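Down below is the structure, laid out as C-alpha cells.
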Amino acid sequence: MNSATVRNLLVRGMLAGLAAGVLALVVAYFLGEPNVDSAIGFEDAHSHEHEMEVVSRSLQSTAGLATGVLVYGVAFGGIAALAFCFALGRVGRFSPRATALLLSGCALLAVYVVPFLKYPANPPSVGDPDTIGKRTTLYFLMMVLSVLLAVGATILGKRLSPSLGTWYATVVAVAAFAVAIGLAYAFLPVINEVPRDFPATLLWRFRLSALAMQIVLWGGFGLVFGELAQRLLNPKPAAATSGRAVPAAH
C-alpha cells in the first residue's frame, strides 16, 4: 500500500470518526447526561461542602461534551485507519468493508469492553478523589494488557492455522485470550468505592449508557469507514454507456 493510499485512508478514517462521533454525541446527550445530572444531584444532597463551578453545568453538557466526543472521534478514527492499513490482507481474505467491521468489533472488545468489565465507568459522586490516580493507572494498565493480549491471540491464531485449520486455530486463540484476561482480572486489584446508599438503578443506567455510547461510536465508525475504504480500494467499474455509437464525421 503506497503512501498516497495510506494518506487517503487516514483522511477517510478521520472523517468516519467525526461522523461516528456525532452519532455517539446524540447517545451521550440523551442517554448519558440525564444520569450525570441525577448523580450530581445525589452528590449535592449528601455533601456539606459546596464548591463553586468554574464551568457551568449547561456548558459542560453541551459545548464541552460535543468538543470532547468529536475530538476523540476524529483522533481515534485516524488511529483506527492506520491500524486498518496494517491489518488489511493480514487477518484473512476479507474485503475492505469486512476488514473495517472486524477491526472495529475487535477494537471495541479489546480497548473498551474488557477493561470496562474489570473497571466499569462511574458517575459523579462515585469514587474517592484521593484514589483517582490509582484508578486511572489500573484502568489504562488493563486496557494495554487487553490490546497486547488481543494482538498476541491474533498472532497465535495465524501461527496455528496451517496445522489446525482456521476454525480450530481461532477457537484456541480465543480461549487463550479469555484465560489470559481471566488471570489479569484475578490478579489486578478490585476497586469498589460506590457509596452504600447510591441508587443501584442509577449506577446501572449510567454504565449502560456509557457502554451504548462506545458501541455506537465503534460500530458507526466501522460501517462508515468500511464503506469509504471499499469505494477507495475496490471502486466499481464505470457503467457501459448505452445506445448506439455516433459515427465519426468525415
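The values are calculated or read from the model by the stated rules, or taken from the named source; none is laboratory data. Because the structure is a prediction, the values reported are computed rather than measured. Virtual Cβ from ideal backbone geometry, glycine too; neighbours counted across all protein chains shown. Note: accessible area is taken over every heavy atom of the protein model, side chains too, but ligands, DNA and RNA are not part of it. Shrake-Rupley method; radii C 1.70, N 1.55, O 1.52, S 1.80 Å.
On the accessible surface of the chain, probed at 1.4 Å, how many percent belong to carbon and sulfur atoms? Could you put the intermediate results ahead of the total?
Numbers: 10620 of 15580 Å².
The nonpolar share, carbon plus sulfur, comes to 68 percent.
Express the accessible area of the stretch 2-44 per residue in Å², computed with a 1.4 Å probe while the remaining protein chains stay in the model. Could the numbers behind the result be given before it?
Numbers: 2160 Å² over 43 residues.
Dividing the accessible area of the stretch 2-44 by its residue count gives 50 Å².
Pick out the long, greasy-scoring helices in the chain: whole DSSP H runs spanning 30 Å or more along their own axis by Cα, mean Kyte-Doolittle at least 0.5. Please report the intermediate quantities before stating the final value.
Details: long enough: 3-27 (36 Å, 1.58); 65-87 (32 Å, 2.03); 132-164 (47 Å, 1.12); 166-187 (32 Å, 1.81); 200-233 (48 Å, 1.05).
Flagged H segments are 3-27, 65-87, 132-164, 166-187, 200-233.
For the stretch 101-216, what's the relative contact order in percent, using C-alpha pairs closer than 8 Å and at least 6 residues apart?
On the way: 66 pairs, mean separation 44.5, N = 116.
Relative contact order here is 38 percent.
Within 14 Å, Cβ to Cβ, of residue 225, how many net charges do the neighbouring residues add up to if Lys/Arg are +1 and Asp/Glu are -1? Walk me through the numbers before you get to the answer.
Numbers: positive: 12, 97, 231; negative: 227.
Surrounding charge for residue 225 is +2.
Taking 22 Å as R0, compute the FRET efficiency from the Cβ-Cβ separation of residue 26 and residue 57 and round it to 0.05. Walk me through the intermediate numbers first.
On the way: r = 19 Å, r/R0 = 0.88.
So the FRET efficiency works out to roughly 0.70.
Treating cross-link reach as a plain straight distance, find the lysines whose alpha-carbon is under 28 Å from the alpha-carbon of residue 134, omitting any fewer than eight places away in the same chain.
Partners within reach: 118.
Taking 25 Å as R0, compute the FRET efficiency from the Cβ-Cβ separation of residue 204 and residue 140 and round it to 0.05.
On the way: r = 24 Å, r/R0 = 0.98.
Efficiency at R0 = 25 Å is approximately 0.55.
Which net charge results when you count Lys and Arg as +1 and Asp and Glu as -1 among the other residues whose beta-carbon is under 11 Å from that of residue 134?
Working: positive: 135; negative: 128, 130, 193.
Summing Lys and Arg as +1 and Asp and Glu as -1 gives -2.
Report the extension gain between residue 168 and residue 72 in nm, rounded to one decimal, defined as 0.36 nm multiplied by the number of residues separating them, less their alpha carbon distance.
Details: separation 96, 0.36 × 96 = 34.56 nm, distance 3.69 nm.
Between residue 168 and residue 72, full extension yields 30.9 nm more.
Can you work out the accessible area per residue across the stretch 96-138, with the rest of the protein chains kept in place, probe 1.4 Å, in square angstrom? Before the final figure, lay out the partial values.
Details: 1980 Å² over 43 residues.
Roughly 46 Å² per residue, with all protein chains present.
What order do you get for 146-153, 124-131 when each peptide is scored by the mean count of other beta carbon atoms within 10 Å, highest first? Show your work: numbers first, answer last.
Details: 146-153: 17.6, 124-131: 12.9.
Peptide ranking by packing, descending: 146-153, 124-131.
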